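The values are calculated or read from the model by the stated rules, or taken from the named source; none is laboratory data. This one's a predicted model, so the numbers in the text were calculated from it and none came from an experiment. Cβ placement follows ideal geometry from the backbone for every residue including glycine, while neighbour counts extend to all protein chains displayed. Heavy atoms of the whole protein, side chains included, go into the accessibility calculation; ligands, DNA and RNA do not. Shrake-Rupley method; radii C 1.70, N 1.55, O 1.52, S 1.80 Å.
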Amino acid sequence: MYFFVNDYNSIGYPQILDALKDAINEKNPGYGDDPHSENARKLIKKALGNEKVDIYFLPGGTGANIIGAAAGMRQQDSILSANTGHIEGHEAGSIEATGLKIELIDTEDGKLTRESIENFHKKFTTEYMTVPKKVYISNTTEVGTLYKKKELEEIYAYCKANDLYLFIDGARMAAALASERSDYDLKDLTKLCDIFYLGGTKAGLLFGEALVVVNDELKKDLNNLIKQKGTMLAKGFISGIMWETVFKDSDFYLKGSKKAYQMAKILADGLDKKTYDLAYPFESNQIFVLLDEKTLEKWQKIAKFEITGEKNGKKIIRLVTTFRTTEDEVKNFLNEI
């Protein structure tokens with residue numbers, strides 16, 4: 001049975017397990033105030049090319065989205081998001097539980113644009129509406145598409161000109177940077193938004209995300225917010241060891257995601273040759289295929305994947321590759337279908 005359900009289906013890189021085992025007899029301070037976490041922050045700052053950012057290691061994407069969304073916000077403020085945004089449909093109301101409302105912008109490809117944000121933002125004209133204060137985007141998006149550098153620059157320019165913060169959900173940031181379509185790298189990220197995170201859970205770590213705070217306005221009392229929202233790890237040094245391991249070598253963090261992308265590319269090319277239609281453009285390690293009921297039943301007998309919706313009378317199914325996906329797996333699957 002082929003497994004294309006998600007990109008967090010394995011424990012993690014063996015090198016991380018080795019590093020954790022090497023530290024098994026250590027005694028470290030808690031809450032991220034340990035030598036491993038401090039070194040990891042230094043290594044990430046170096047990779048980002050920015051020493052002024054603050055970095056926090058959080059246990060998962062939901063927690064990172066809660067903190068990224070809530071930082072610097074008042075109760076009357078709201079967050080602008082694509083209607084497919086992860087914070088809208090996949091966080092069980094956890095963002096709203098902070099007291100913030102998410103205002104949704106319709107989009108066909110999962111991406112916001114400067115124009116769509118500006119047109120939507122203009123509607124907030126009275127004191128009886130929420131006050132938009134933050135724009136949320138994910139990179140890659142929920143439908144596997146990714147932003148070009150110019151698109152991010154245009155969105156951020158609008159945000160800065162209109163007193164809005166820009167928050168990038170980076171659960172799949174490694175997948176975005178690993179794509180052949182990406183025209184920017186780690187060193188560009190701190191110039192393109194106010195706050196973002198580097199995903200670890202979906203990039204070969206056992207768990208965890210690295211939240212990067214760029215804008216000084218969002219740094220105040222952030223540790224208090226992290227503690228209040230239940231996203232602070234007592235054994236923070238475990239995260240520190242993992243992030244230290246993947247950033248000791250500047251290429252390590254993206255290595256697995258590059259492998260995942262190459263496997264996805266083989267898969268997408270193979271599907272194209274077999275004349276299957278995609279629901280969204282292929283741009284990352286997520287491929288969305290349109291299947292009729294008969295074909296769906298046949299595929300379900302040989303592979304595991306998610307059904308994410310319907311389009312043009314067909315089911316949309318999602319195939320996700322990871323750093324562990326092999327070329328043989330992909331080619332054998334293509335042969336069987």
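Values computed for the structure shown
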{"read-out": "Set Asp251, Asp221: member being surrounded by fewer than 17 Cβ atoms within 10 Å (Cβ to Cβ), of a type outside the set (Phe, Trp, Tyr), without any contact (Cβ under 8 Å) to a residue 60 or more places away in the chain and under 28 Å from Ile11 (Cα atoms)", "value": "Asp251"}
{"read-out": "Residue identified as over 15 Å from the mean Cα position of the chain (by Cα) and not in a strand (DSSP E or B) among Lys134, Lys111, Lys150", "value": "Lys150"}
{"read-out": "Check on Leu146, farther than 21 Å from Asn6 by Cα and touching a residue at least 12 places away in the same chain (Cβ under 8 Å)", "value": "no"}
{"read-out": "Contacts under 8 angstrom Cβ, first residue in segment 225-242 being over 18 Å from Leu205 (Cβ atoms) and open to solvent by 50 Å² or more (accessible area, probe 1.4 Å), partner assigned to a helix (DSSP H, G or I) and of a type in the set (A, V, I, L, M, F, W, C), 6 or more apart", "value": "Lys229/Ile66; Lys229/Ile67; Lys229/Ala70"}
{"read-out": "Qualifying residue in segment 50-66 (condition: of a type in the set (S, T, N, Q), touching a residue at least 60 places away in the same chain (Cβ under 8 Å) and in a loop (DSSP other than H, G, I, E, B))", "value": "yes"}
{"read-out": "Where Ala70 falls short, out of the listed (1) in contact with a strand residue (DSSP E or B) (Cβ under 8 Å, 6 or more places away or on another chain); (2) open to solvent by 10 Å² or more (accessible area, probe 1.4 Å); (3) closer than 18 Å to Gly170 by Cα", "value": "(1)"}
{"read-out": "Qualifying residue in segment 309-318 (condition: more than 27 Å from Gly200 (Cβ to Cβ), among the small types (Gly, Ala, Ser) and part of a helix (DSSP H, G or I))", "value": "no"}
